[in-house]
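Notes follow once the structure below has been shown.
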Amino acid sequence: MYKGRISEIFKSIQGEGPYLGISQVFVRFYGCNLDCTYCDTRQIYFKEMSVEEVKSNVYNYQDYHSISITGGEPLLQVDFLMELLPQFKQDKKLIYLETNGVLYQNLKKIISWVDIIAMDFKLPSSCGSQNLFIQHRYFLEEALKRETFIKVVITPSTNEEELVEVFSIARSIRPEIIFVLQPQHPYEEALKERIGYFSDLGRIYLPNIRVIPQMHKILGVR
Ligand code: SF4
């Protein structure tokens, strides 16, 4: 029996992407394999919890659309997810996975229990990472066995050529995929023009480009 390293479990609204505003219970997994400069979910605390403990915390809540498996990077704890997710599915829960879109081999192990995948593409110019586009490509090919959308965070340093490369990768795999451009800060003046420009640019490659800020930051909720 594995134990999960869990930072928090709480009910709130989904603040990002096309499922913006739906009610979810969030299970936040501790730890990440990346170190994005704009990260706002670095955690210093976790509790080791059994599958039963996580379930009982989640089932304290009622009336929600789905359970968000989030982080950090939840796929780092794939062995624990392989025990937890089948139990949620047995109880007819909808599973929404939020991931940085890199650990495709771990995704393969749990995808049969996942319903919706919110997948990041990390641009080196935005998040200070190495180029992860090959891993993202493999990840997307696997993720598309389920409902999936892509999210890219746009910062003042986002590089146009990198973004075009990501648009091209998405078009080569699933042209109709929902592709979200998420401004790093909803009120940042420097991003307003760029986000409009990038949105127009994206539509040359993909019909489903959407600009969606993080609503939980605007509303001041978790
Ligand atoms: S992948 Fe997400 S959780 Fe990990 S460092 Fe980047 S923003 Fe933070």
Next item on the list: Pop out the Kirkwood hydrodynamic radius of segment 70-146 from its pairwise C-alpha distances, inverse of mean 1/r, in Å to one decimal.
Entry: 12.9 Å
Item checked: All Cα pairs of segment 135-222, percent lying beyond 14 Å -> 64 percent
Notebook entry, point to check: Amide H neighbours of LYS47 under 5 Å, counting only residues 5+ apart in sequence or on other chains, H built in-plane at 1.01 Å?
Noted result: ILE6, SER7
Item checked: Other-chain or far-sequence residues with amide H under 5 Å of LYS151's (modelled H) -> MET119, ASP120, PHE121, VAL180
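Sorted by accessible area (1.4 Å probe), largest first, how do LYS89, LYS217, LYS145 line up? It would help to have the intermediate numbers written out before the result.
Numbers: LYS89 55, LYS217 80, LYS145 125 Å².
The ordering from most to least exposed comes out as LYS145, LYS217, LYS89.
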Item checked: Accessible surface of ASP63 - all protein chains present, 1.4 Å probe, nearest 10 Å² -> 140 Å²
Notebook entry, point to check: Can you pick out the pairs among LYS151/LYS192; LYS108/LYS217; LYS11/LYS92 whose Cα atoms lie more than 28 Å from each other?
Noted result: LYS108/LYS217
Notebook entry, point to check: Out of residues 5 or more away from GLY128 or on other chains, whose amide H comes under 5 Å of its own, with H placed 1.01 Å from N in the peptide plane?
Noted result: THR37
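Measure off, as a whole percent, the carbon and sulfur share of the 1.4 Å-probe accessible area of segment 4-219, all protein chains present. Before the final figure, lay out the partial values.
Working: 4650 of 9570 Å².
Solvent-exposed carbon and sulfur of segment 4-219 make up 49 percent of the total.
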Note to self: Test of the criteria: in segment 142-195, which chymotrypsin sites (Phe, Trp or Tyr not before Pro) are in a DSSP loop and have at most 12 other Cβ atoms within 10 angstrom of their Cβ?
What the structure shows: TYR187
Notebook entry, point to check: Which value, in Å² and to the nearest 10, is the accessible area of TYR2 when all protein chains are kept and the probe is 1.4 Å?
Noted result: 120 Å²
Notebook entry, point to check: By accessible area of protein heavy atoms, probe 1.4 Å, what ranking do LYS92, LYS192, LYS11 get, highest first?
Noted result: LYS92, LYS192, LYS11
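If DNA, RNA and ligands are ignored and the probe is 1.4 Å, what is the ranking of ASP120, ASP40 by accessible area, most exposed first? Intermediate results must be reported in sequence, preceding the final value.
Working: ASP120 20, ASP40 85 Å².
The residues order as ASP40, ASP120, largest area first.
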Item checked: Rounded FRET efficiency, nearest 0.05, which uses the C-beta distance separating TYR197 from GLU165 and R0 of 25 Å -> 0.90
Next item on the list: Express in Å², to the nearest 10, the accessible area of LYS47 obtained by rolling a 1.4 Å probe over the protein heavy atoms while all chains stay in place.
Entry: 100 Å²
Check: Tell me, what ³J(HN,Hα) does each residue in segment 61-71 have, in order and in whole Hz, if you take phi through Karplus 6.51 cos²θ - 1.76 cosθ + 1.60 with θ = phi - 60° and put x for Gly and Pro?
Finding: 9, 10, 6, 9, 6, 7, 9, 8, 9, 9, x
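Over the chain, with the other protein chains present, what is the accessible area per residue in square angstrom, probe 1.4 angstrom?
Values: 10260 Å² over 222 residues.
In whole numbers, the chain has 46 Å² accessible per residue.
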Next item on the list: Treating the angle as unsigned and between 0 and 90°, give the value, to the nearest 10°, between the Cα long axis of helix 133-143 and the longest Cα principal axis of the chain.
Entry: 50 degrees
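At 222 nm, what value in deg cm²/dmol follows for the chain if DSSP H runs of at least 4 each add -39500 (n - 2.57) and the sum is divided by all its residues, to the nearest 500? Walk me through the numbers on the way to the answer.
On the way: 8 runs with 79 residues, N = 222.
After summing the helix terms and dividing by the residues of the chain, the value is -10500 deg cm²/dmol.
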Note to self: Using all alpha carbons of segment 1-138, what is the percent of pairwise distances in each 10 Å bin, ordered from the shortest bin to the longest?
What the structure shows: 12, 44, 36, 8, 0
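The values are calculated or read from the model by the stated rules, or taken from the named source; none is laboratory data. All values reported here derive from a predicted model rather than from experimental measurement. Backbone-built Cβ (ideal geometry, glycine too); neighbour counts: all protein chains shown. When the accessible area is computed, the model is the full protein with side chains, heavy atoms only, and any ligands, DNA or RNA have been set aside. Shrake-Rupley method; radii C 1.70, N 1.55, O 1.52, S 1.80 Å.
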